[in-house]
Each structure stands twice: as structure tokens, then as C-alpha cells.
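K.L.:
The following block contains the structure, expressed as C-alpha cells.
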2 protein chains.
Amino acid sequence: MGDEEQVLAANAEFYRAFAARDTAAMYALWAVRTPVACIHPGWRALRGREAVLASWRDILAGAGAPAISCADAAAHVLGDAALVICTERLPGVELIATNLFVREDGAWKMVHHHASGMARDVAEPDDDEPESGSGLLH
Amino acid sequence: MGDEEQVLAANAEFYRAFAARDTAAMYALWAVRTPVACIHPGWRALRGREAVLASWRDILAGAGAPAISCADAAAHVLGDAALVICTERLPGVELIATNLFVREDGAWKMVHHHASGMARDVAEPDDDEPESGSGLLH
């Protein structure tokens, strides 16, 4: 399996663990030696393994843990780091996510997750309307 | 200047170009050989240099281009890639941003920008209240 496929597999495992509320698998996904961070939708940035894993423990244990799946994942390998951008599908809403991985002991581990909402009235890049950004913050 | 300082300088230059509506400097900031992407607040992901630079051209030319500044920037160098997480301050609102850079010909160039809003009722990590994530999407 090439690097890009391995990164996409790690990204898929993140969403499998999330949807299955598999806390042990979620913990194992995150990097150990590299500083990690996480920006949940609408949250401030969490920095450091303790804060990030605690947030996942709470989310996966909570009644509100969503039925989530990942779509349109694209990976770009940047040496020993790799970027994945994907859509997160939840009941009634789609989010957009930036996921960043690093290679630790030959395995791709997550170092950063940033998910956020998409405004419904934003034109898609392939729409006819130009994207002026008017009405958005930038 | 060490790598981390260089990355923070590139990040600062991004916000300087943004605030000054300096389109030429904004174009020069983005990577040329590495695929780039950008997620403006509430937008879907833009992929590829043409789409990303076109979005910046429109934003910087628009009447709605905000007075923006960057705060609390922290950089993590991951080999030839580097992650910056920072707060974006705009009039009346703060956003959170993930900025990703790569080294191209010895200079740190932006390959990805993801900015999104923060809910006002989300506890900060150092608050007393536990962060349950209840009411948020995850």
C-alpha cells in the first residue's frame, strides 16, 4: 500500500472509531511523540494529548455522539506529514474537516483534526455563480 | 532564525497580506509545486492553486474584506511541513484557524488554510466546567 492509501486508511479508521464509539481505537490513532491539537466544530483549539484525548473520551461516551461517516477524502503526502480534507456526513448536516497525520514508527498517526460547519448558501466551486465571499467572514 | 520562527513569520505575513489586501503578496505566499487547498469560514473546500488564488483575489478586492489580525499563533514543525494554529481577530468576532505550510526551495509556503467560527458558549480548556460537547455537532 502506498503512502497516500495508508493515510486514507488511517483517516477511514478515525471515522470508524468515531462512529463505533471505539475509545481505545481513537486513543491509538493519535500521535504519541508529536504534539497534537484538535478543533471540534465551534470549539476553541485543544492543545496536547491529554486535552485532546479527554475531549474524545467525553464525546464518545456522550449521548450526543453522532452517526458520522466520511466522504470525498483526498490525501496529500508532504514528506513525513500528510493532509486529508474530507466531508463529514452527520444526520441532517455536512461538515468539512482538515485532518493532519505524521509518520511515527512507520504508521500514520493523527496530529490535528479541525472540523467545521458549511453554510448552506455558499456556492460550490463548480457552480456558475462567482464566489464573492460576501456575507461571510472571509 | 529557526524553522519554527520562520514558519511563524510566514504565518504573520499571511495575515499582513490579508489585512493590507496585498494580493501580490498573498499569491506569493502559497506553494507552487505542492497541491494547495483552502476552507474559508462556512465554505466548502477549494482545491488547487487556481481556485484558491481566485478566492483570495475576490476576497481581497471585495468591499467586505475584513480588518483581520492574528493572535496566539503556535507552530509545530513536522519535517518539511509545519502546522500553525492561531486565533483570527475580526471586528466583533474571533475565528480559529489551521494553517499548513511546506518548505519549497528553502522557504515556507502555505498549502492549506482552514478558518472557522467559535461558538460563544463553548468552555475554554482551562475553564472549570467540563467540556461535554453537548449541543455541538461533535
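K.L.:
Take residue A:9 and residue B:50, extend 7 Å from each Cα along the Cα→Cβ direction, and tell me the distance between the two endpoints in nm.
P.N.:
3.4
K.L.:
If you roll a 1.4 Å probe over the heavy atoms of the protein chains, what accessible area per residue do you get for the stretch A:41-98, in Å²?
P.N.:
Ligands and nucleic acids excluded, the figure is 37 Å² per residue.
K.L.:
Across peptide A:49-55, how many C-beta atoms of other chains are within 10 Å of each residue C-beta, on average?
P.N.:
Mean inter-chain Cβ contacts per residue within 10 Å come to 2.
K.L.:
Related question: Put a dot 7 Å past each Cα toward the Cβ at residue A:105 and residue A:1; how far apart are the dots in nm?
P.N.:
It works out to 1.7 nm between the two label points.
K.L.:
Keeping the other protein chains in place, figure out the carbon and sulfur percent of the accessible area of the stretch A:1-75, with a 1.4 Å probe.
P.N.:
On the way: 1750 of 3230 Å².
Of the solvent-accessible surface of the stretch A:1-75, carbon and sulfur hold 54 percent.
K.L.:
Per residue of A:35-41, what is the mean number of Cβ atoms on other protein chains within 10 angstrom of that residue's Cβ?
P.N.:
That works out to 5 on average.
K.L.:
Full extension from residue B:87 to residue B:69: what is 0.36 nm times the residue separation minus their Cα-Cα distance, to one decimal in nm?
P.N.:
5.6 nm
K.L.:
In nm, one decimal, shortest first: how far is the label point of residue B:91 (7 Å from Cα along Cα to beta carbon) from the matching points in the other copies?
P.N.:
4.2
K.L.:
What ³J(HN,Hα) values, in whole Hz, does the Karplus curve 6.51 cos²θ - 1.76 cosθ + 1.60 give for the stretch B:37-49 when θ = phi - 60°, with x put for Gly and Pro?
P.N.:
8, 7, 10, 6, x, x, 8, 6, 6, 9, 10, x, 4
K.L.:
Report the gain in length on full extension from residue B:58 to residue B:21: 0.36 nm times residue separation, minus Cα-Cα distance, nm rounded to one decimal.
P.N.:
Extra length from residue B:58 to residue B:21 when fully extended: 12.3 nm.
K.L.:
Moving to a separate point now. With a 1.4 Å probe, how much accessible area is buried between chains B and A, both sides summed, in Å² to the nearest hundred?
P.N.:
Result for this pair: about 4400 Å² buried.
The values are calculated or read from the model by the stated rules, or taken from the named source; none is laboratory data. Being a predicted model, the structure only gives us computed values, none of them experimental. Cβ sites come from the backbone with ideal geometry, for glycine too, and all protein chains shown count toward neighbours. Ligands, DNA and RNA are stripped out before the accessible areas are found, and what is left, the full protein with its side chains, is counted by its heavy atoms. Shrake-Rupley method; radii C 1.70, N 1.55, O 1.52, S 1.80 Å.
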